[in-house]
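What follows is a set of notes on a single structure, which appears directly below.
Laboratory data are not the source of any read-out in this text; all were calculated from the coordinates shown. All values derive from a computational prediction rather than experimental measurement. Glycine also receives a Cβ, built like all others from the backbone with ideal geometry; neighbour counts cover every protein chain displayed.
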Amino acid sequence: MAKHSLTALLLLFVSVVAAAQTFTNDDYGYSIEVDDGYQLIQNNGTAYFRSKENDSLVIIKNRPGLEEAMAKDYLRQGFQDERMAFVSVSEPVEINAVNGKGFLVDIEGIIERKQIQGVAGSYIGNDGQGIVLLVSAAREDWDQLASEAQEITASIKFVEGATGPATPDWYRVLAGSRLSLRDTSDGKSRREDLNLCSDGGFLHRMSTSAMKDSDSGSAMGYSTKTRSGVWRVVDDNGKSRLLLLYNDGRQESAIIVSRSGQIFLDGRRYSRFRKNNCR
């Protein structure tokens, strides 16, 4: 009797394993395994899998050219659009992926007006591939899905893709950030702060200071000016250009480049901070 029960259990286990389906994106060079209880309902740059039984979702966004610093920031900053909004509730943890690596965080938020829990991951392939993965369920269903979600996030494999490394989605990377530049020359200290707000507006602050000798000792001169407008990221012959449109009609722009996780505007290195002065 026990032998027959064990055999039945093994057959059940095999049937569950066999139920997994592999989704491969040959253009962007990755594959993922999900249970066949999920149905692919959209695949136009972003793949959506929805459970046939409940509100569970698996969402994969293509992000070629991801670098480690950007991958972590995608997770730390959370995400919001017209259909969903989520925030991370943990720090990114590095995990292994075949021919690459990834970072995972726990998340909570709202998808289609329903409260959810889940995990989000950013994955970087060895050949320039990049994806952002979301596995979520209604808050009351998450405990049942958690182990399955762990298997899904661990199933990512990177393969050779037809689409090579692409320019990062710089609007998504920079929205809600503050870019700061400091330099010193000829005894003058200069600071520039560019607050790129999530609503498409920006605040631009420039300040300079200088030490001046006088009969009573040294004095500091200081000037500052704040301007504002709207910002965009536009394509410039395959490169990304940050465009600042000031309220007074002026325009400024700079080519955006990432080197070893650091951001350069027209060759000048800016420090990026998640805290800004947009509010």
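Sort Val34, Val234 by Cβ crowding within 10 Å, fewest neighbours at the top.
Val234, Val34
Return the long-range amide H neighbours of Asp35 (sequence gap of 5 or more, or a different chain), with a cut-off of under 5 Å between placed amide H atoms.
The answer is Gln21.
Quick check: convex hull over the Cα atoms of the range 16-158, volume per residue in Å³, rounded to an integer?
103 Å³
Ranking Met70, Met84 by Cβ neighbours within 10 Å, fewest first, what do you get?
Least crowded to most crowded, the residues run Met84, Met70.
Given a Förster distance of 45 Å, report the FRET efficiency between Leu181 and Ala20 from their Cβ-Cβ distance, rounded to the nearest 0.05.
Given R0 = 45 Å and the Cβ-Cβ separation, E is 0.35.
For Asn44 and Phe273 in one chain, what is 0.36 nm times their gap in residues minus the Cα-Cα distance, to one decimal in nm?
Full extension from Asn44 to Phe273 adds 79.3 nm.
Residue separation times 0.36 nm, minus the C-alpha to C-alpha distance between Asp36 and Glu68: what's the value?
8.4 nm
Which distance in nm do the two modelled labels at Asp143 and Arg259 give, with both placed 7 Å along the Cα-to-Cβ direction?
For Asp143 paired with Arg259, the spin-label model returns 5.3 nm.
So how do Cys278, Cys197 line up by other beta-carbon neighbours within 10 Å, fewest first?
By the 10 Å Cβ count, ascending: Cys278, Cys197.
Need the full-extension length gain, Arg76 to Lys188, defined as separation in residues times 0.36 nm minus the C-alpha distance. One decimal, nm.
36.8 nm
Set the Förster radius R0 to 22 Å, insert the Cβ-Cβ distance between Gln150 and Ala85 as r into 1/(1 + (r/R0)^6), and round the FRET efficiency to 0.05.
Result of the calculation: an efficiency of 0.40.
Between Glu160 and Glu94, how high is the FRET efficiency from 1/(1 + (r/R0)^6) when r is the Cβ-Cβ distance and R₀ = 35 Å? Nearest 0.05.
0.90
Report the number of Lys pairs in the range 72-192 whose alpha-carbons are under 26 Å apart, with separation of 8 or more residues or on distinct chains.
Taking the range 72-192 as the scope, the lysine pair count is 4.
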